[in-house]
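Trainee: One structure follows; several queries about it will come next.
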Amino acid sequence: MQTLPVYLDNNATTPCDPRVLEAMLPYFTTHFGNAASRAHAWGWTAEEAVQQAREEVAALIGAEPQEIVFTSGATEALNLALKGAAEAYAVKGKHFITLQTEHKAVLDTCRHLEKLGAEVTYLPVDGRGTVNPDDLKAAIRPDTVLAAVLYANNETGVIQPIADISGILGEHGVLLLTDATQAAGKIPLDATSEGIGMLALSAHKLYGPKGAGALFVRRRSPRVRLAAQMDGGGHERGMRSGTLNVPGIVGLGKACAIAADEMAGEALRMAALRDRLEKALIEKTGARVNGEGAPRLPHVSNLQFPDVRGADLLRGVTREIAVSSGSACTSANPEPSHVLMAMGVSEELAHSSLRFGLGRFTTEADVDRAIETVNHTVRSLHAIYNQ
């Protein structure tokens, strides 16, 4: 029987934690009620489960339960945030700010808003992948509605100075939307104290199910207003109509509760494994860290491998380890990573970079197997090229 590759693509998706699955199962069968059915016990049971999940999500990110809007995932949450803000604040202006290194869920939505008449400033980042606060300050206009800044990059793990950014934006009355899909459950977040206006997250990035996510919408001053993008029933306080995915929401809540309990120890273990991986591959292959010197998520490593062709490298390693050369949402695109290119990485090195996403179930043996596989592949390719 063929041995499966080691899974090191946890930024693309994570396996569902068995504890999460166990919490979800009753809501497919015995507790199958609609959370909006408030006339009988089946509906009450479902509503109570949704409320518990709302509290668990809120606790993870430093929010109040009533500030959580359930969605189908982070992409829908980001669409709701951007399009909903564009409509709700149209009187104020039509200018938005974001980073060149954002996830496509933000970049593509901004392109859509531009077609509708919005103006978007796409800020550059430095070689580490971080935005210059002075660039942000200079980009703000009287008609700026919102700035969308990724909390931690999905390809490099680089963490932006969100509290500093929100301070700058707050001085000018500009909302901050942050995509915290990779950060939530991995590092401490506090949407309230960090001055975040809206925050998106997704269950399947933190060992929950696919198809469930949430948008934090700030209710305390300054309160954020949104125009609904899905009509029909007025669910989620009028911001997102549709029958709630109760099993998925329960799973999201449970995943958040587990992450809150285990985050500190998990982060230490992940950072140690990441450092082990990087140290070995730097020594053995001459690899370089993309985003080196910047604060990074503990479980993410993006390494460039000079003097090898990216397609050859990826083809050689993926028989043994599941990794990627960029975001899962752009894997069908043969173009080099827009994130790495924005950081000043050459097209050649962007193609020959690999993203390693470690996870809750990654072991030391998995990391050692990855080191061996990548080292063997790089050395074999060098030998072939030099023939």
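Laboratory data are not the source of any read-out in this text; all were calculated from the coordinates shown. Since this is a predicted model, take the numbers as computed values, not measurements. Counting neighbours? That spans all protein chains shown, and the Cβs are built from the backbone with ideal geometry, glycine included.
Trainee: Gap in Å between the Cα centre of the range 110-143 and the Cα centre of the range 58-108?
Mentor: 15
Trainee: Let me see the P(r) profile for the range 5-147: every Cα-Cα distance counted, bins of 5 Å, each bin given as a percent of all pairs.
Mentor: Taking all Cα pairs of the range 5-147, the binned fractions are 2, 8, 12, 14, 15, 14, 12, 10, 8, 5, 2, 0 percent.
Trainee: Under a point-charge model restricted to the Cβ atoms of Lys and Arg (+1) and Asp and Glu (-1), what is the dipole moment magnitude of the range 19-257 relative to its Cα centre, in debye to the nearest 20?
Mentor: Value, rounded to 20: 360 debye.
Trainee: Quick one, which of (1) 36, 27, 17; (2) 31, 27, 20; (3) 28, 25, 23 is the actual semi-axes √(5λ) of the Cα gyration tensor in Å calculated for this model?
Mentor: Computing semi-axes √(5λ) of the Cα gyration tensor in Å and matching it to (1) 36, 27, 17; (2) 31, 27, 20; (3) 28, 25, 23 gives (1).
Trainee: Further, regarding this structure: Could you work out how much longer the chain between Ser193 and Ser37 gets when fully extended? Use 0.36 nm per residue separation minus the Cα distance between them, nm to one decimal.
Mentor: Between Ser193 and Ser37, full extension yields 52.6 nm more.
Trainee: With unit charges on the beta carbon (Lys/Arg positive, Asp/Glu negative), name the residue among Thr29, Asn79, Tyr122 whose Cα is farthest towards the positive pole of the charge dipole of the range 19-257.
Mentor: Thr29
Trainee: For a footprinting-style exposure proxy, rank Cys16, Cys110, Cys256 by other Cβ within 10 Å, fewest first.
Mentor: Starting with the residue having the fewest Cβ neighbours, the order is Cys16, Cys110, Cys256.
Trainee: If I model a spin label as a point 7 Å beyond the Cα along the Cα-Cβ vector, how far apart are those points for Asp143 and Glu262 in nm?
Mentor: 5.0
Trainee: Now, a different point. Where nothing but the Cβ of Lys and Arg (+1) and of Asp and Glu (-1) is charged, how large is the charge dipole of the range 233-274 around its Cα centre, in debye to the nearest 20?
Mentor: It comes to approximately 120 debye.
Trainee: Still on this structure, I have one more. Go through Ile187, Val158, Gly232 and say which Cα lies farthest out towards the positive end of the charge dipole of the chain; charges sit on Cβ, +1 for Lys and Arg, -1 for Asp and Glu.
Mentor: Going by the Cα projections, it comes out as Gly232.
Trainee: Can you put Ile140, Ile68, Ile321 in order, fewest other beta carbons within 10 Å first?
Mentor: Lowest count first: Ile140, Ile321, Ile68.
Trainee: Top mean-square fluctuation among Leu25, Leu146, Leu177, Gaussian network model of the chain, C-alpha springs under 10 Å?
Mentor: Leu25
Trainee: Any idea what the dipole of the range 79-217 comes to, in debye rounded to 20, about its Cα centre with Lys/Arg Cβ at +1 and Asp/Glu Cβ at -1?
Mentor: Once rounded to the nearest 20, the dipole reads 420 debye.
Trainee: So for Arg128, Arg54, Arg355, fewest C-beta neighbours within 10 Å to most, what's the order?
Mentor: By the 10 Å Cβ count, ascending, the order reads Arg128, Arg54, Arg355.
Trainee: Something else now. By the gyration tensor of its Cα atoms, with a ≥ b ≥ c the square roots of the eigenvalues, what is the shape of the range 274-387: rounded for a/c under 1.5, prolate for a/b over b/c, or oblate?
Mentor: It is rounded, given that a/c, with a ≥ b ≥ c, falls under 1.5.
Trainee: While we're here: Lysine pairs in the chain with Cα distance under 21 Å, only those 8 or more apart or on different chains: how many are there?
Mentor: Lysine pairs meeting both conditions in the chain amount to 17.
Trainee: On to the next question. From the square roots a ≥ b ≥ c of the eigenvalues of the alpha-carbon gyration tensor of the range 286-327, which class results: rounded (a/c under 1.5), prolate (a/b over b/c), or oblate?
Mentor: Oblate, because a/c is 1.5 or more while a/b does not exceed b/c.
Trainee: Right, here's the next one. Want the number for Val91 to Met341: 0.36 nm per residue separation, take away the alpha-carbon distance, what's left?
Mentor: Working it through step by step, the gained length comes to 86.4 nm.
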